[in-house]
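Let me begin by presenting the structure, written as structure tokens, before commenting on it.
FYI, it's all coordinate maths here, none of it is from the lab. All of these numbers come straight from a predicted model, not from anything done at the bench. Cβ coordinates were reconstructed from backbone atoms using ideal geometry, including for glycine residues, and neighbour counts include every protein chain displayed.
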Amino acid sequence: MTFRTKLFVVFMLALLLSVAIVAVGVTAVTRRAFQDSNRAHSEALVAQFEREFERHKQDIVHRVQGIADAEATVRMAIDLSRPKADVSVYVNDARGVSESHQLDFLDFASDDGSIISSNESPARFGYKIDWLAQPQDWAALGAFLRKVDTQDGPAVGLMSVSVVRVGDKNLYVFGGERLGKDFLASLVLPSGMRALLYLNLDPSFEPGNLVDESGPVTDGERFATFIEQERQHPAEQAFEIAWTSDPANRESFHTLPLLGRQGDLLGALLVGSSEREVVLLERRIILLAAGVAAMGLLLGLLLSWWGAARVTRPVRKLAEGARAVSEGNWSARVEVRGRNEIAQLAIAFNRMTEQLSEQRERLVQAERVAAWRELARRLAHELKNPLFPLETTVENLQRAKEQSPEQFEEVFRESTGILLSEIENLKKIVSRFSDFAKMPQPEIGPVNLNETVRGIVKLFEAQFGAVGRPPITPELHLEEDLPAIQADEALLRRAIENLVLNAMDAMPAGGVLMLRTTHENGDVDLEVSDTGTGLTPEECDRLFTPYYTTKQHGTGLGLAIVQSVVSDHGGRISVESESGVGTSFHIHLPAKPPVRSTANGE
Amino acid sequence: MFERLAASSLFVAVLLAAAGPAEPARRPKYGGTLRVEIGAVVSSLDPAAVGTAEESAATAGIDSLLYERRNPEGTYAGVVGSGPFRVVQFEPGRRVVVAANDNFPGGRPYVDSVEIQMGRPPHDRLVDLELDRADIAEIPPEEVRRALERGMRVSVGLTDELVAIVFVPGRPFAEDARAREALSRSIDRPAIVNFILQKEGEPAGGVLPQWSSGTAFLYLTAVNVAAARRLWSEISGSRKIVLGYDAGDSLEQSIAERIAVDVREAGGAVAVGATKPGLLANEDARFVRLRMTSPQPRDALERYLRSLGPILGANADPVQGATPQQIYDTERAIVSTYRIVPLVWLPEAYGVSMRVRDWKTPAPGQGWPFADVWLGDAP
């Protein structure tokens, strides 16, 4: 992964993280705000219900009092106050009066609490309402909740009692409104909210007792736990019901207990608030945020890409410069822009390459001087050996001429023979130096390196086991499926023979000569190892320097020629050696040598 | 005894009221059409046709009027009875018109014709009477008091119709004597008479009225809450007795609802429901109305036994003799099974317009005395 890509990824991650944090924060804040709003709505509705409830109470008290104050009721009270009054006359009166006053429940009861007429339960005439005749300031009590027996079963009503007193007899007017769907329908609710009423008429939770303004609530069983909790501990409580797995179908409820005169739980009002609007709004916000985030991310992506490119361009230039230097372009320089750290780095890089170039120049010059010195030393050494016999022979000729003219002829013949022999030596020396200078260009063709190695070993077989010297054991580890490479076999053979000869020279006491071939990705490797005396690290460092030799009579050109051959094939050679253990030469040859440009550009 | 005296006094008072205010003797006038409205619906003039008690009574009433019958197109169809009228128009379930038979051996009726409207609701009958659109109209007993308060002329006859509850054979409670007795003892019959019937009727403990048998006072009609509670507590299970009433009968509905309250107060449970066909198939008990077709207790009792045979089962022993004791024993045997629970006796009541003269409320088993009625001038 490039530095630019990394930088881009870092930018993007930072951007994503920022967007995510903002999104989560916005969502949380929004949700909190909506929850607060919902709670406020519920509380407002509960307060509204309480106000409405209070208004209903006043209304009920007013209507029941209106019935008690009516002329017909007063006449009834007067009639019933007489001895042996016939109450049966009034048995049907409650129905008509309740209809005219829009009351669901209405009972007329005599002084002892016996029902004279009942609208909700006409058949209960004659039965007593015991609590009605007990001493109580009904006017002060106002309206209250009470369970009422009707023909259809028990119900809960918002009731009021008024008393018409004639003489020492009371006529009780007991009336009110049924708490049910009509009552709920009279409540004005905001959109998304609804009111449910549970009437606590049975010993345990009964789904049919839970109604909304249209009738019994479907899925009423879902409320069982909460209603049961309310029944056990009447108090305001809040809970939530998830109607489906979709959060939009969640509904939160606020429960308000409805208590009777004695504190008994007669019912509970449940104010439901659908979270659909909230969730949908939340989703819209999230969708909008996602859209904005996506656009931001896209913009961030482009800006990050541009920024990363802008930031990494000097670094890339530096890297390109460094790569050029590594490839030998010592004149590579980096453009310097600005004064920031990258610019400082570029300046330092340029300064470093300049210094490296200068040092390399000095090193080349030093090596060149050292090479010339070595060459001079070798030439002097090579030439000094034949010159000494030449000088001695010439002096012998002069001495024979002056001191023994009779022997001069004989001396002359011997001396001229020696002179010619030494001159021949000198010519050979010059010829070897000339040969090194005139290394031929490789003639490339397919070469099976294993065959070449086997041929060389076979050539040297006689010398490995020659009489009078310790034996050398050749070991071949040749990979069978070694691919052919493009090379000049003659040059390769010459280089490998050179290495084998060096190995034999390194093992005067005999040993093991190992040749190994391997390949990888079409390239081949050759290892030539001996178990000879080994080399010192210093010797290893200078081993491929022309005219350097560790042998008594070597020219110092053998390994230089080997390195030259390997180099001409685009390969490389290295040496590993340990003193007293042996030496190994590693040659790596590419499947195909690089195209070498000629001096004239071909 | 009190009940007997009260009923007799009431009967005399009603007869006096029906006779109208005292006025100088006048000769009856012939002519006119007597307009009569009844609640029953007669779909066939054949007395043998099976119908409700009310329909059968109405059919018998109409039949008693007839001497001859004509086809719908008015052609003579033959003598069918010995009555003073002949049918000239019959619309089943709605209307029947009978015309005076000039050849009636007992003498031609005073009115030329009688037009009987059937199936009229009580409220409509009262309104028609008040607006002089009807001359005679049947009035439910519970409406008598209101009619009197509105100044109408009302004629109330003897209590000749028994309202009772019978247990449906085969249903679980029909075989549970304690449940049947508990139900009977839970019912406050006087309250039903006083409040629902507005005192027009009598609590019924037996199946024969006091004026007929003279022994009705021997049956207890007051509620016995203590006994009822004890019996209900002995009945295992919490199943309700399902009591069915005629969906079109408001009186039965009111009584049924009162019984439900009484039973609940006594610790039992009764569910009431209308018995329109297919509406309430699981009723344990239902209302039945038995009309006295004869003032003779033995005749009435035998008729009851014939009609209640399937309900009474093995307890439907025939009347062994004609003495009051034997009749009482038979009646007691029927009542003590509690398979029939007598509730109240209802009287026949008619509203009569002021132009109707010589109207007498018919006695049980007698037909309508339309032949004796004549129409005078309205006051």
Relative contact order computed over region A:445-589 (Cα-Cα under 8 Å; 6+ residues apart), in percent:
23 percent
Compute the relative contact order of region A:27-137 as a whole-number percentage, counting only Cα pairs closer than 8 Å that sit 6 or more residues apart in sequence.
15 percent
Shielding by partners, peptide B:189-199 (average Cβ within 10 angstrom, other chains):
4
Using the charge dipole of region A:445-589 (Lys, Arg: +1 at Cβ; Asp, Glu: -1 at Cβ; taken about the Cα centre), state which of A:Gly465, A:Ser529, A:Gln486 has its Cα farthest towards the positive end.
A:Gly465
List the residues whose amide H sits under 5 Å from the amide H of B:Gln89, counting only those 5 or more places along or on another chain, with H placed 1.01 Å from N in the peptide plane.
B:Val97
From the backbone phi of region A:142-150, what are the Karplus-calculated ³J(HN,Hα) couplings (6.51 cos²θ - 1.76 cosθ + 1.60, θ = phi - 60°) in whole Hz, Gly and Pro given as x?
x, 8, 8, 8, 7, 6, 10, 7, 10
Between the DSSP loop rule and a limit of at most 15 other Cβ atoms within 10 Å, which chymotrypsin sites (Phe, Trp or Tyr not before Pro) in region A:268-344 are left?
A:Trp330
Please give me the summed charge of the neighbours of A:Ala47: other residues whose Cβ is under 14 Å from its Cβ, Lys and Arg +1, Asp and Glu -1.
-2
Residues whose placed amide H lies under 5 Å from that of A:Phe460, excluding near-sequence neighbours:
none
Shielding by partners, peptide A:118-125 (average Cβ within 10 angstrom, other chains)
5
In whole Å, how far is the Cα centre of region A:392-431 from that of region A:52-82?
169 Å
Diffing region A:104-110: the Karplus 3J(HN,Hα) column from phi (6.51, -1.76, 1.60, θ = phi - 60°), in whole Hz with x for Gly and Pro, holds 6, 10, 7, 10, 9, 10, 7
Which value, in debye to the nearest 20, gives the size of the charge dipole of region A:341-437 about its Cα centre, when Lys and Arg are +1 and Asp and Glu are -1 at the Cβ?
360 debye
Among the listed pairs A:Lys84/A:Lys128; A:Lys57/A:Lys147; A:Lys57/A:Lys181; B:Lys29/B:Lys360; A:Lys181/B:Lys240; A:Lys84/A:Lys147, give every one whose C-alpha distance is greater than 24 Å.
A:Lys181/B:Lys240; A:Lys84/A:Lys147
So, relative contact order of region A:71-126 in percent, Cα under 8 Å, 6 or more apart, is 28 percent
Loop GluC sites (Glu not before Pro), region A:272-359 (other Cβ atoms within 10 Å of the site Cβ: 15 or fewer; DSSP):
A:Glu327, A:Glu335
Checking the cross-link filter: which lysines have an alpha carbon closer than 17 Å to that of A:Lys427, excluding same-chain neighbours under 8 positions apart?
A:Lys384, A:Lys438
What is the magnitude of the charge dipole of region A:445-589 about its Cα centre, with +1 placed on the Cβ of each Lys and Arg, -1 on the Cβ of each Asp and Glu, and no other charges, expressed in debye to the nearest 20?
560 debye
Taking the alpha-carbon centre of each part, the distance from region A:469-513 to region A:228-270 in Å is 99 Å
Enumerate the aspartates and glutamates that A:Lys428 could reach by cross-link, defined here as Cα to Cα under 16 Å, with residues fewer than 8 away along the same chain left out.
A:Glu382
Once the piece of chain linking A:Lys128 and A:Glu361 is laid out straight, how much longer is it, given 0.36 nm per residue of separation minus the C-alpha distance between them?
70.9 nm
From the phi angles alone, apply the Karplus equation (6.51, -1.76, 1.60; θ = phi - 60°) to region A:215-227 and give each ³J(HN,Hα) in whole Hz, x where the residue is Gly or Pro.
x, x, 7, 6, 6, x, 4, 5, 8, 3, 4, 6, 5
Test of understanding: ordering A:Ser81, A:Ser431, B:Ser233 by Cβ neighbours within 10 Å, fewest first, what list do you get?
A:Ser431, B:Ser233, A:Ser81
Size of the dipole of the protein assembly as shown about the Cα centre, Lys and Arg at +1 and Asp and Glu at -1 on the beta carbon, nothing else charged, in debye to 20?
1520 debye
For a footprinting-style exposure proxy, rank A:Ser584, A:Ser88, A:Ser37 by other Cβ within 10 Å, fewest first.
A:Ser37, A:Ser584, A:Ser88
Distance between Cα centroids, region B:225-273 to region A:294-369: provide it in whole Å.
108 Å
Using modelled amide H (1.01 Å from N, peptide plane; none on Pro or chain starts), what sits under 5 Å from the amide H of A:Gly267, excluding residues fewer than 5 places away?
A:Asn200, A:Leu258
Need the list of aspartates and glutamates near A:Lys317 for cross-linking: C-alpha distance under 17 angstrom, and skip anything on the same chain fewer than eight residues off.
A:Glu327, A:Glu335, A:Glu341, A:Glu354
Using Cβ contacts closer than 10 Å as the measure, can you line up A:Met12, A:Met507, B:Met292 from fewest to most?
A:Met12, A:Met507, B:Met292
